[in-house]
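These notes are about the structure you will find just below.
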Amino acid sequence: KVNGTSPIHMVSAWACESNLVLGQVKTEEKSNEITAIPNLIESLALEGSTVTIDAMGCQTEITQKIVDAQADYVLAAKANQPELLQNIVDEFRFNKNFDRSTDIDYGHGRIETRTCTVISDFIHMEHLEKWSNLNAVVRIESVREFKATGNHETATRYYISSLKQNAEKLQQVVRNHWAIENKLHWTLDVAFGEDYDRKRKGNASQNFSLINKIALNL
């Protein structure tokens, strides 16, 4: 906080293929991204595109908004949706009808192996009607090996999707999602110094954020 005023929080839409910020919405005071994301979705022409959002955006209302916009979604599923997450874990535990793809990435002093498993023929998923056009659940298992130390790191992430695609395609979609962190948020922080910005008066913070993103697009 600065002089008792909390920093503003912006929700941005990033186009992975064109590397452009398409829009931004300020979260309302005493609110969060869950209420801002639907407003941002409504402001964009999304027909034919795929929308990816982290776990906070894994909400039934948001999937409906995306489907209404004639788009598809890939949403991270975590403990904020405990029933959904447990259903997904059970699906991968017991369902043997799946598609799988493995990708190996070399760089930054490490070797990362990512295995994507996709199930679209559900056995254990309950209350599917809550999630608009839910056609697949996705599991990404990653293993990082650090060349200098020989240490390993493992992680498992889950997603839900309306896409009817194979594991290779869905692995690519999930990887593209992280572009908003690497190409937008990191650049705004490191190159533009946005995290150190102390503008608080009126709409100055929101307006300057917009100017930064116009400059980034250029």
> For a label point 7 angstrom out from the Cα of GLN172 toward its Cβ, which stretches of the stretch 116-146 have the backbone nitrogen within less than 17 Å?
Replying inline: 116-118
>> Please list TYR196, TYR73, TYR158 from largest to smallest accessible area, probe radius 1.4 Å, with all protein chains kept in place.
In response: TYR196, TYR158, TYR73
>> Quick check: with the 1.4 Å probe, what order do ARG114, ARG93 take by accessible area, largest first?
In response: ARG93, ARG114
>> Just the number please: accessible area per residue for the stretch 48-159, 1.4 Å probe, all protein chains included, in Å².
In response: 54 Å²
>> What does the net charge come to around GLN86 if you take all other residues with beta carbon closer than 13 Å to its beta carbon, with K and R at +1 and D and E at -1?
In response: -2
> So if we plug the beta-carbon distance of ASP189 and ARG144 into 1/(1 + (r/R0)^6) with R0 = 22 Å, what FRET efficiency do we get, rounded to 0.05?
Replying inline: 0.45
> Can you work out ³J(HN,Hα) from phi for every residue in the stretch 106-112, in order, using Karplus 6.51 cos²θ - 1.76 cosθ + 1.60 and θ = phi - 60°, giving whole Hz and x for Gly and Pro?
Replying inline: 10, x, 6, x, 8, 10, 10
>> Just to be sure I follow the definition: excluding the sites themselves, where is the longest run in the chain that has none of the GluC sites (Glu not before Pro) in a DSSP loop with at most 10 other Cβ atoms within 10 Å?
In response: 48-218
> Just how much of HIS152 is accessible, in Å², when a 1.4 Å probe is used and the result is rounded to the nearest 10?
Replying inline: 120 Å²
>> Rounded, prolate or oblate, given the Cα gyration tensor of the stretch 51-150, with a/c below 1.5 counting as rounded?
In response: prolate
>> 5 Å is the cut-off here: which amide hydrogens, built 1.01 Å from N in the peptide plane, fall below it relative to ALA71, excluding neighbours closer than 5 in sequence?
In response: GLY48
> Taking R0 as 22 Å, what's the FRET efficiency between ASP99 and ALA15 from their Cβ-Cβ distance, rounded to 0.05?
Replying inline: 0.20
>> Run lengths n ≥ 4 of DSSP H only: what is the helix-derived mean residue ellipticity at 222 nm for the chain, with -39500 (n - 2.57) per run over all residues, to the nearest 500?
In response: -8500 deg cm²/dmol
> Of the accessible area of the chain, with the probe set at 1.4 angstrom, what percent is carbon plus sulfur?
Replying inline: 48 percent
>> Positive end of the dipole of the stretch 86-212, charges at C-beta (+1 Lys, Arg; -1 Asp, Glu), about the Cα centre: which of THR113, SER205, SER132 has its Cα farthest in that direction?
In response: SER205
>> Below 8 Å between Cα atoms, with a sequence gap of 6+, how large is the relative contact order for the chain in percent?
In response: 18 percent
>> Counting only other residues whose beta carbon sits under 9 Å from that of THR117, what net charge do I get with K and R as +1, D and E as -1?
In response: 0
> With Cβ to Cβ distances under 13 Å as the rule, what net charge do the other residues near ASP54 carry (K, R +1; D, E -1)?
Replying inline: 0
> Within straight cross-link reach of LYS201, meaning Cα distance under 22 Å, which lysines are found once same-chain residues fewer than 8 apart are removed?
Replying inline: LYS1, LYS26, LYS30, LYS213
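The values are calculated or read from the model by the stated rules, or taken from the named source; none is laboratory data. Quick caveat: nothing in here was measured; it's all calculated off a predicted structure. Backbone-built Cβ (ideal geometry, glycine too); neighbour counts: all protein chains shown. Remember, those area values only see protein heavy atoms, side chains included, never the ligands or the DNA or RNA. Shrake-Rupley method; radii C 1.70, N 1.55, O 1.52, S 1.80 Å.
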